[in-house]
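Worksheet: the structure to be examined is printed underneath.
The values are calculated or read from the model by the stated rules, or taken from the named source; none is laboratory data. Only a predicted model underlies this, so the values are computations on that prediction, with no experimental measurement involved. So basically every Cβ, Gly included, is an ideal-geometry build from the backbone, and we count neighbours across all protein chains shown. The accessibility values were calculated without ligands, DNA or RNA, using every heavy atom of the protein model including side chains. Shrake-Rupley method; radii C 1.70, N 1.55, O 1.52, S 1.80 Å.
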Amino acid sequence: MNWLTLMADEILCAIPRPLADAFWLPEKGSTAAGGVDWLFNLILFVSIFFFVLIVVLTFYFLLRFRRSKGVKPEKSPTHSMVLEVTWTVIPTIIVTIIFYLGFTGYMNLSVPPEDAYEIQVTAQKWQWFFTYPNGHVEGNLHVPVDQPVQLVMTSEDVIHSLYIPAFRTKMDAVPGRYTKTWFEANKVGQYVIFCAEYCGTGHSDMSAFVIVHQPGEFEKWLEDAGNFVDRMSPADAGQLLFTTRGCTQCHKIDGTDDIGPTLNGLFGKKRVMVDRTEITAEENYIRESIVNPQAKIIAGFDPVMPTYKGKLKDKEITVIIEYIKTLKP
Ligand code: CUA
């Protein structure tokens, strides 16, 4: 900390604790959150101070110097050097301080430490995929506590934006290029991830969780996560994949249609396609719908499902089909 941040800290310390630790901000879960909130509060309180000062003075002058009956207004001065210099220099100093704090804060947020743990992020309509160094793919973000994590992000279709309010982290995922962001979670727990860039019908459903693991537990989780399909019954493993890989974003299992058709009672049923052909929903049809979703579209639905080719292993597709078989009305 240098003298500038120390000085600004002094100003903030004068503000009562409950106000400075504002109730309108989300809980803090990362090392960056404190600094971001601190600067936000500083700018907010400086703005409130000048807003109140100007409004109060405006009303005071309105009343104090109002035109009274029978009194001729005095000639007012046309120029004041002292006033001009004062209201140029003071705001310039304040804005420079805010720029300096904002710029250094931005640099800290955008340059990850060299030893950061790297996780790949892929965004697509309408879900997040997190790929870990061992190749495991998951729809939720798992991270170790007290360790810097770098996200290398891209999108498969339109622009999305990964937003973790508790970490004060937000970064666009752009098709055709990589963007990076980083954070260090400092509190074990579960936090929400949102998509903060409008990306179509399912935008508001494009959420996931960050799970911050206790020291030593993350490695254990990662080791187990890669092979749960072998340890569980096929239908259970299928259900887990169904809920963690984003299928629920578009497919409901309560019998009502959403962006995609409901999967309840789907298996074994005859369905009419957009080209009016009739198809029985059996294993091969479901498999094709997962790896090549545009091949056959059920009448009344838009061809918006992304392919899961390369994102689900063959044995994972098999257990998802086993799970769909269990969904009966
Ligand atoms: Cu993805 Cu909005």
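Computed extension length for Lys75-Asn292: 69.9 nm, one decimal, from 0.36 nm per residue of separation with the Cα-Cα distance subtracted.
For the chain, the longest principal axis of the C-alpha atoms and the axis of helix 33-64 are separated by about 40°. If you wrap the Cα atoms of the chain in a convex hull and average its projected area over all directions, you get 27.0 nm². If the cut-off is a Cα-Cα distance under 13 Å, which aspartates and glutamates reach Lys170, setting aside same-chain residues fewer than 8 apart in sequence? Those aspartates and glutamates meeting the cut-off are Glu197.
Taking R0 as 56 Å, what FRET efficiency do you get between Val52 and Thr262 from their Cβ-Cβ distance, rounded to the nearest 0.05? All intermediate terms of the calculation are to be shown ahead of the outcome.
Working: r = 56 Å, r/R0 = 1.00.
The value I calculate is 0.50.
Three principal axis extents of the stretch 128-228 based on alpha-carbon atoms, in descending order, are 38, 28, 23 Å. Loop sites by DSSP among the GluC sites (Glu not before Pro) of the chain, restricted to those with at most 10 other Cβ atoms within 10 angstrom, leave 115-329 as the longest stretch without any of them. Here the chain is assigned +1 on the Cβ of each Lys and Arg and -1 on the Cβ of each Asp and Glu. Its dipole about the Cα centre then comes out at about 1560 debye.
With everything on Cα atoms, drop me the angle between helix 81-110 and the longest principal axis of the chain, reported from 0 to 90° to the nearest 10. Once rounded, one gets 20 degrees. Can you bin the stretch 22-67 into rounded, prolate or oblate? Criterion: square roots of the alpha carbon gyration tensor eigenvalues sorted a ≥ b ≥ c, rounded for a/c under 1.5, prolate for a/b above b/c, oblate for the rest. Prolate, since a/c reaches 1.5 and a/b exceeds b/c. Compared with the alpha-carbon gap, the fully stretched path from Asn227 to Glu278 is longer by 14.6 nm at 0.36 nm per residue.
With all protein chains present and a 1.4 Å probe, how do Lys75, Lys313, Lys252 order by accessible area, largest first? It would help to have the intermediate numbers written out before the result.
Details: Lys75 200, Lys313 105, Lys252 80 Å².
Listed by decreasing accessible area, they come as Lys75, Lys313, Lys252.
Assign one of three labels to the stretch 18-127, namely rounded, prolate or oblate, based on the Cα gyration tensor with a ≥ b ≥ c the square roots of its eigenvalues; rounded applies when a/c is under 1.5, prolate when it is not and a/b is larger than b/c, and oblate otherwise. Prolate, because a/c is 1.5 or more and a/b exceeds b/c. Cross-link pairs exceeding 21 Å in C-alpha to C-alpha distance, out of Lys180/Lys309; Lys270/Lys328; Lys252/Lys313; Lys125/Lys325, comprise Lys180/Lys309; Lys252/Lys313; Lys125/Lys325.
To the nearest 10, the accessible area of Cys199 is 10 Å² with a 1.4 Å probe.
FRET efficiency for the pair Tyr198 and Val111, taken as 1/(1 + (r/R0)^6) with r the Cβ-Cβ distance and R0 = 45 Å, rounds to 0.95.
Using a/c under 1.5 as the rounded threshold, could you call the stretch 196-288 rounded, prolate or oblate? The axes a ≥ b ≥ c are square roots of the C-alpha gyration tensor eigenvalues, and prolate needs a/b larger than b/c, oblate otherwise.
Judged from the Cα gyration tensor, the stretch 196-288 comes out oblate (a/c at least 1.5, b/c at or above a/b).
Rounded to the nearest whole angstrom, the semi-axes of the ellipsoid equivalent to the stretch 70-147, taken from the Cα gyration tensor as √(5λ), stand at 58, 18, 9, largest first. Accessible area per residue for the stretch 174-255 is 53 Å², calculated with a 1.4 Å probe on protein heavy atoms, without ligands, DNA or RNA.
Rank these by accessible area, largest first, 1.4 Å probe: Met305, Met107.
On the way: Met305 60, Met107 80 Å².
Output order, biggest surface exposure first: Met107, Met305.
Extending 7 Å from Cα along the Cβ direction at Lys328 and again at Ile93 yields two label points whose distance is 7.9 nm.
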